[in-house]
1. Given 0.36 nm per residue, what is the gain on full extension from Tyr56 to Thr156 after removing their alpha carbon distance, in nm?
2. Pick out, from Gly98, Gln112, Gly135, the residue whose Cα sits farthest towards the positive end of the charge dipole of the chain, with +1 on the Cβ of Lys and Arg and -1 on the Cβ of Asp and Glu.
3. Show log10 I(q)/I(0) for the chain at q = 0.12, 0.17 Å⁻¹, two decimals, from a solvent-free Debye sum over equal Cα scatterers.
4. Taking R0 as 22 Å, what's the FRET efficiency between Ala145 and Asp29 from their Cβ-Cβ distance, rounded to 0.05?
5. Looking only at the chain, where both bridge partners belong to it, what percent of the DSSP beta bridges are antiparallel (to the nearest 5)?
6. Taking the alpha-carbon distance from Lys106 and a cut-off under 26 Å, which lysines remain once sequence neighbours fewer than 8 residues away in the same chain are dropped?
7. I need to check one value: relative contact order of the chain, counting alpha carbon pairs closer than 8 Å and at least 6 residues apart, in percent.
8. I'd like to compare 138-145, 52-59, 118-125, 19-26: which one has the highest average count of other Cβ atoms within 10 Å, and what's the full order after that?
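Read the figures in this text as sums done on the coordinates, not as results from a lab. Remember, predicted model here, so these are calculated numbers, not experimental data. So basically every Cβ, Gly included, is an ideal-geometry build from the backbone, and we count neighbours across all protein chains shown.
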Amino acid sequence: MYVEMIDETGKLPSGIMEQSQKLLDFAADYIKLPESKEMAVTFVDNKRSHELNLEYRETDRPTDVISLEYKPDNEEFFFDEDMELPEELLEEMDPFIGELFISIEKAAEQAQDYGHSIEREYGWLVVHGFLHINGYDHYTPEEEAEMFGLQEEILTAYGLTR
């Protein structure tokens, strides 16, 4: 999987970008995501997180991770109206799955609040966002159990335990 990583802050702790790339590759393999998929991760400050949270979620505060799942518009592709395209073909034509925005200030604050390493916190945020852009949510107790269970499985298998 190709992941574009950007540090808008210039203050990302050393090694976090590399860890995030490796963890996303691991998570993609874990859920059997096709290798052709692409995504983006941008590390931001609380000011930018606040702006994005307001714009996309209508929530007037910064947050730790914003996940924007990308769903291609089938109307973008020009085919005969009667032609049915297999889902696999559409996925190959548009491999982008979404993007994450992670607040480095929230990550540092939460690592301290939860009493675990900054590496664990970034790992948690990266996998959490990754699962969201791959269709997982936690609106119901069942969804929450599935998503958080899978998230913990991935982090543990990767070696990022509490």
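1. 32.9 nm
2. Value computed over the given set: Gln112.
3. The calculated log intensity ratios at q = 0.12, 0.17 Å⁻¹ are -0.56, -1.06.
4. Details: r = 23 Å, r/R0 = 1.04.
The value I calculate is 0.45.
5. The antiparallel fraction comes to roughly 30 percent.
6. Lys11, Lys22, Lys47
7. Details: 222 pairs, mean separation 41.9, N = 162.
Once divided by the residue count of the chain, the mean separation gives 26 percent.
8. 118-125, 19-26, 52-59, 138-145
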